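Below you'll find the structure, written out as structure tokens, and then a few comments.
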Amino acid sequence: MAQLLRRIEGATLEQGQFWYSGRFFTMDITFLLNGESVSLRDVAPTVTLLDWLREERGLTGTKEGCNEGDCGACTVMVADVEGAKALNACILFLPQLHGKAVRTVEGLSGPDGGLHPVQSAMVDHHGSQCGFCTPGFVVSMAVAHLNGDTAHDDALAGNLCRCTGYAPIIRAAQAAEQAPVPDWLEPAKGFRMPQQPAPLDMAPDSADALADALLRTPDATLIAGATDVGLWVTKGLRDLGPVLFLGRCTDLQQIEETEDGLRIGAAVTMDRMLLAMRDRHPSYAEMIRRYGSAQVRAAATIGGNVANGSPIGDNPPALIALDARLHLRCGQDRRVMAIEDFFIAYGQQDRAPGEFVEAITIPVQKDRLRVYKLSKRFDQDISAVCGAFSITVEDDIVTAARIAFGGMAGIPKRASHVERALVGKPWSDATLASTQDAWEEDFAPMTDMRASAGYRLDSARNMLRRYFLEDRGEAVSVLEVTP
Amino acid sequence: MSVSKPLPHDAARLHVTGAARYVDDIPTPARCLHLAFGLSQVAAGRIKSIDLEAVRHAPGVVGVWEANDLPSDCDCSPSAHDEPMLSGKTIHYFGQPVFLVAATSYLAARKAVKAAEILFETRDAILTIDDALAAESRFEDGPRVWSKGDAGEAIDTAPHRIEGEIEMGGQEHFYLEGQTALAIPQEGGDILVHASTQHPTEIQHKVAHALHLPMHGVRVETRRMGGGFGGKESQGNALAIACAVVAAKTGRPAKMRYDRDDDFMITGKRHDFRIAYRAGFDAEGRVLGVEFVQYARCGWAQDLSLPVADRAMLHADNAYHLPAIRIESHRLRTNTQSATAFRGFGGPQGMLGIERVMDHVAHHLGTDPLAVRRANYYAAAQDVDAGGGPAPRSAQPNAPRDISGPKKDADSTTRGASPTVSQMPGAPQPDRVRAPQHQTTPYGQAVTDFILHAMTDRLERDADYTKRRETIAAWNAQSPVLKRGIALTPVKFGISFTLTHLNQAGALVHVYQDGSIAMNHGGTEMGQGLFQKVAQVAASRFGLSPEAIRITATDTAKVPNTSATAASSGSDLNGMAVKAACDTIRDRMAEHLARLYQTEPGTVRFADGHVHVGDAVLSFGEAATLCYEGRVSLSSTGFYKTPGLQWDRIKGRGRPFFYFAYGAACTEVVVDSLTGEYRILRADILHDCGTSLNPALDIGQIEGGYVQGVGWVTTEELVWDSEGRLRTHAPSTYKIPACSDRPDVFHVALWDGANREDTIYRSKAVGEPPFMLGISALMALSDAISAHGSRYPDLHAPATPERVLSAIQRVRDGD
């Protein structure tokens, strides 16, 4: 019997399938690959697009550089009704593609072999050296080109190159800006799948359906963008057990103005969150720009970043400072809580089995928010410290303060003592100085590979000072200095 | 002529279409096995018990091997025969391969590894420089010491003195393509290995050793690497040997590629260094004497650490004439990954030591650091060319050759081999080393080609350095939180392998009867454009355009006994070897055609795609056909060895370098004093490639080298915890520069001047030298931090925001 089980597990491991509750979980999916329809039966839910492209389809132009979504060598173009995005194929599970159109580097050139304008520009401007990162760059560039996006540093923040120093790549991107989108890519703009994709067991298509499914399988792993869960598979080599894909729950992807403020569905991706924050809370939007690359922002969801409870997630501090509410749902039961109350302790959140994050609401308010993300590198780096401040000052007196930090404790945490030391006091140097000791009452950060405890405390303190100086119109951001 | 044209990389079109093939892209042969190593989870100790039953029975597993199951020790070392592929009972570092798994898929192999149950008996690991010094844990019997003059006396009697210390971190190569190898069994027990390596001959040599085969039984092919940077000079040995052993044992093809995290955990990185210094100088900042103690953390095995540490000593002068100097070098053995080659090969560390001294001296005197640097420059080339004393001679210029045969430890294929005197018997003494005695490096090589005065003048002007320095001072005066800083630093880098016999190269050129040409040489392509440059050389010799040349994969069956593509030597050595091969064929063709057309061979010209013979003009193809029909051999090897080298590494005397490559960079930064965050605003670079073989490719090396160098001194931080476990083992935690980290304004220009030495078309090597231009960023940060107070910042590298903030606090506290 043991031998038999091992054989069964052997099969599952070989194919990336898994065995659960006496049956295999597999899925039948359909998508377009470089313009041609592909239907796959019995797909194991955690096979990555990258492995499938390279190992099953022999499309080896898409490269594996890190297998964790940090280098961009595996970038592919994925289009749906909302348009085309760049995504990391290494942490993209095949079922996430159901009903979408994928284009790899092999599909960027024309049917006659003619190069895409970004490809020609990369040749002309010497944008490749070893060439290994190049397919990923070219795809990211083609997506930006298709979308008319000329903020090249942002579009390429998730593509690492070790050879060129990036300068020739940016020259190539600039040179291709004015070139028309090639005919053969035009369909990606007005995306249409040839037929309505079939429903999938493990991919509920509404919040209601998700609530039901989760009641039936409370231990299911929820997969939205897979920017975190993907690593459990590619790095942790975990077999996830039952999974539920959220990509088809369109009602969880809505952003609406309500009486309570802005209601953001849990499955809203970070690129849309950035747009939603741009006018309301520009400092938050700027943090999101740096929080993850274009590929990560296009996949990662606000709900995922909150629900995984990471002490270094960058959204929770900002949301706490904005006094946001978290909407949880279990079956038909719903509850609402202040978002900071969700985080109980490291690795522990106030979420019951079968319960999921449905939405977040941000109350309407005057924008006093500043979010300061501190990391070794500006783009696509995990924060050592992320501080969010919303301090209200009336007649030079602090009347309200909401301050929260990531990276300073086992959970995203408010600086309650500091807030108390500020409220009711004059908005002044002296008041700032008086908060000195409160910081250590609020936080006892740890030392790790990102920063020492001392640096975390010092920089957190100094962020309050930065907020104060910025409020007075002082230049405090190196990102705003020009040569 | 094809040379000097800014042509794109020969594979550019393949790169951008995804068609360029790397080892893992080769269609996987049928029945191929996939390999993974099981790694040690402690830094030092012994294996108490090991249970691999669950691994053996894991799905898809075909074989599991421990050290004593292997056909030999499968040594992976490029030097001291001290790196068995699998650990055996004794563990030397966290991440050391302990066992090998072969399975039917990559994922199955990786998953199976996790099923191992190993109990380790740990002992105190030697992790840091201080640990190693306390335990006297080192390679070689003691520190290596080279000196010139009496540095101690010069310092003690100098008008001014400083002393200090700088720490500089290591650096992960982060080649985008991880280490990969594929072995395919051939008939008769032979083996074919496809490897992502800078050194196919070394792979051939090590695989042959592991399998007890003669070298002719192993063929290694390398079409291209997805980046190397030194990380594929010796670090690919283990994968190739593992594949070959499994292929030999099972008769099945075997492929191995490290997952990125494994690549970080297993392979060596740049050596981190601590350099303590003491200097005496006059009121103008002229250094009268300087002492360096260099501590190199070499990791657990010797690998290439001795020549790396030597090269750090060889660059302790950088561009400066130091009348009295003492350099003491400690090569420390620690329980960490075995540090290895990385672009610059110790040069950056040595150079950062003296640049730090220049910065510190200027700060001490309150003068512009550029003025101090200039005051210490070697004299300009034209000032030292004439006359001068005799060449410095080694005490034993014709030391008897050791003919006792290869020792067990010797691996003469690599830089790891370190004989004391490196010279061919009967080799001519250097004839170009005549220069005044005052113009020699600390190791006695005359500096006859120094061009940095003129280069610095031009860069200072082009970058508007002086005016910007004033503007920055004014800006800083009104900006309490943000401060700017600027620095202009030079690079002088010695070109040649310091193990003299490696300065040789071979080539194989075929002209087919239709006039198309296939070219092969011993160099490998890792993105630097070597193949294109060498093809341009070949095309020029035949008067053709480069499209006429087919560049083929590096192959040990075509060109034997190659040196690593390393030490920036690729185009210098292989360009010359290819030229020799082409000229042999060209001369044979000219002779035959001259006979046919009854003219002198010397009058036959190869130009513009044609061959001009007397009054006749033939296409090159017609000429090739005529020669074929005339039974002329249209195939030739070519060979080159660098002339004039001679080096005694124990005494630290001689002429290790054929010539020097020069460059200078001016970098401006802005620093936030609240968090220590900073940005590079502008960089201006002027670099010397001699007469460039391909200006576009050279500029690519310079831009890329600069940004990589900046990464080394800024964001790239390797952190080991107290258990010796590397905590920054993926791009999520180890931060190489991203797109927006390049300077906002980035000007790169080539210095216009020929190499004084007779190199290929008078060009200069360009692979490594530009890396050290990045040092200017660290010095600019130091300058910005200095604006906060009077104390010297003592900034270490990498200058992460945390280190910058702490330096700002120090500078302020010092007031």
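The values are calculated or read from the model by the stated rules, or taken from the named source; none is laboratory data. Computed from a predicted model, the values in this text were never measured in an experiment. Cβ placement follows ideal geometry from the backbone for every residue including glycine, while neighbour counts extend to all protein chains displayed. All accessible areas refer to the heavy atoms of the entire protein, side chains included, with ligands and DNA or RNA removed. Shrake-Rupley method; radii C 1.70, N 1.55, O 1.52, S 1.80 Å.
Solvent-accessible area of the range A:214-362 (1.4 angstrom probe, protein heavy atoms only): carbon and sulfur portion equals 47 percent. The calculated FRET efficiency for the pair A:ASP42 and B:HIS57, based on their C-beta separation and a Förster distance of 35 Å, comes to about 0.85. Note: relative contact order over chain A, using C-alpha pairs below 8 Å and six or more positions apart, is 11 percent. In terms of its C-alpha gyration tensor, chain B comes out oblate, because a/c is 1.5 or above while a/b does not outweigh b/c.
At a 1.4 Å probe radius, carbon and sulfur cover how many percent of the accessible area of the range B:557-692? Before the final figure, lay out the partial values.
On the way: 2300 of 4710 Å².
Of the solvent-accessible surface of the range B:557-692, carbon and sulfur hold 49 percent.
Name the residues of the range B:44-80 whose accessible area falls by at least 10 Å² when all protein chains are present instead of the chain alone, probe 1.4 Å? Hits at the 10 Å² cut-off: B:HIS57, B:PRO59.
Shielding of peptide B:215-227 by partners, expressed as the average count of other chain Cβ atoms within 10 Å per residue Cβ, is 2. Only protein heavy atoms count here; on that basis, with a 1.4 Å probe, B:SER540 has an accessible area of about 10 Å².
Using the heavy atoms of the protein chains alone and a 1.4 angstrom probe, what is the accessible area of the protein assembly as shown per residue in square angstrom?
Details: 44070 Å² over 1298 residues.
In whole numbers, the protein assembly as shown has 34 Å² accessible per residue.
At a probe of 1.4 Å, how much accessible area disappears from chains A and B on forming the pair, both sides counted, to the nearest 100 Å²? Protein heavy atoms only, the A-B interface buries about 7200 Å².
How much FRET efficiency would the formula 1/(1 + (r/R0)^6) give for A:ASP112 and B:SER412, where r is the Cβ-Cβ distance and R0 is 60 Å, rounded to 0.05? Write out the running numbers ahead of the final one.
Details: r = 52 Å, r/R0 = 0.87.
That gives a FRET efficiency of 0.70.
The alpha carbon radius of gyration of the range A:254-471, expressed as a multiple of 2.2 N^0.38 Å, is 0.98.
At a threshold of 8 angstrom on Cα-Cα distance, excluding pairs fewer than six apart, so keeping six or more, what relative contact order does chain B reach in percent? Spell out each step's value before the answer.
On the way: 2075 pairs, mean separation 121.6, N = 815.
Normalised by residue count, the contact order of chain B is 15 percent.
Farthest toward the positive end of the dipole of chain B, out of B:ALA807, B:ILE266, B:LEU33, is the Cα of B:LEU33, where the dipole comes from beta carbon charges about the Cα centre.
Starting from 0.36 nm per residue, how many nanometres of slack lie between A:ARG216 and A:ALA338 once their C-alpha separation is accounted for? Don't jump to the answer; show the numbers that get you there.
Details: separation 122, 0.36 × 122 = 43.92 nm, distance 2.78 nm.
Extra length available between A:ARG216 and A:ALA338 comes to 41.1 nm.
Using a probe radius of 1.4 angstrom, the carbon and sulfur fraction of the accessible surface of the range A:24-192 is 46%.
Legend: residues in the range B:778-815 shielded by at least 50 square angstrom of accessible surface upon adding the remaining protein chains to the isolated chain (1.4 Å probe, heavy atoms) are B:GLU802. Taking a straight line from the alpha carbon of B:LYS5, these lysines sit under 25 Å away, with near neighbours fewer than eight places off in the same chain left out: B:LYS533, B:LYS579, B:LYS764.
What does the charge dipole of the range A:24-192 about its Cα centre add up to, to the nearest 20 debye, if the Cβ of each Lys and Arg holds +1 and the Cβ of each Asp and Glu holds -1? Don't skip to the answer; put the middle values down first.
Values: 11 positive and 20 negative charges, 14 e Å.
For the range A:24-192, the charge dipole is close to 60 debye.
Shielding value for B:727-735 is 6, the average number of Cβ atoms from other chains within 10 Å of each residue's Cβ. Given +1 at the Cβ of Lys and Arg, -1 at the Cβ of Asp and Glu and no other charges, the dipole of the protein assembly as shown around its Cα centre is 1940 debye to the nearest 20.
Using a Förster distance of 45 Å, how high is the FRET efficiency between A:ALA430 and A:THR250, based on the Cβ-Cβ distance and rounded to 0.05?
Working: r = 53 Å, r/R0 = 1.17.
So, using R0 = 45 Å, E works out to roughly 0.30.
Of the DSSP H helices in chain B, those that are both long (alpha-carbon extent of 24 Å or more along the helix axis) and hydrophobic (Kyte-Doolittle mean at least -1.0) are B:347-365, B:570-596, B:695-713.
Computed over the protein assembly as shown, the range of Cα coordinates on each principal axis works out to 97, 74, 68 Å, biggest value leading. As I understand it, the value is the acute angle between the Cα axis of helix A:282-291 and the longest principal axis of the Cα atoms of chain A; what does it come to in degrees, rounded to 10? Helix A:282-291 and the main axis of chain A meet at about 50 degrees.
Using all Cα-Cα distances in chain A, what percent lands in each 20 angstrom bin from 0 up to the longest? That works out to 23, 53, 23, 1, in percent per bin.
Please give the average number of partner chain Cβ atoms lying within 10 Å of the Cβ of each residue in B:710-716, rounded to a whole number. Provide the component values of the computation, followed by the final result.
Working: counts 1, 3, 0, 0, 2, 5, 2.
Mean shielding by partner chains, rounded to a whole number: 2.
Which angle between 0 and 90 degrees, to the nearest 10, do you get for helix A:134-146 versus the longest principal axis of chain A when only C-alpha atoms count? Relative to chain A, helix A:134-146 is tipped by roughly 80 degrees. Extending 7 Å from Cα along the Cβ direction at B:ASP615 and again at A:ALA151 yields two label points whose distance is 7.2 nm.
Sequence neighbours fewer than 8 away in the same chain don't count; with that in mind, list the lysines whose C-alpha is under 29 Å from B:LYS114. Filter leaves A:LYS63, A:LYS235, B:LYS48, B:LYS89, B:LYS206, B:LYS232, B:LYS249, B:LYS255, B:LYS269, B:LYS735. Within the same chain, aspartates and glutamates fewer than 8 places from B:LYS467 are excluded, and of the rest, those with a Cα less than 15 Å from its Cα are B:ASP368, B:ASP457, B:GLU668, B:ASP684.
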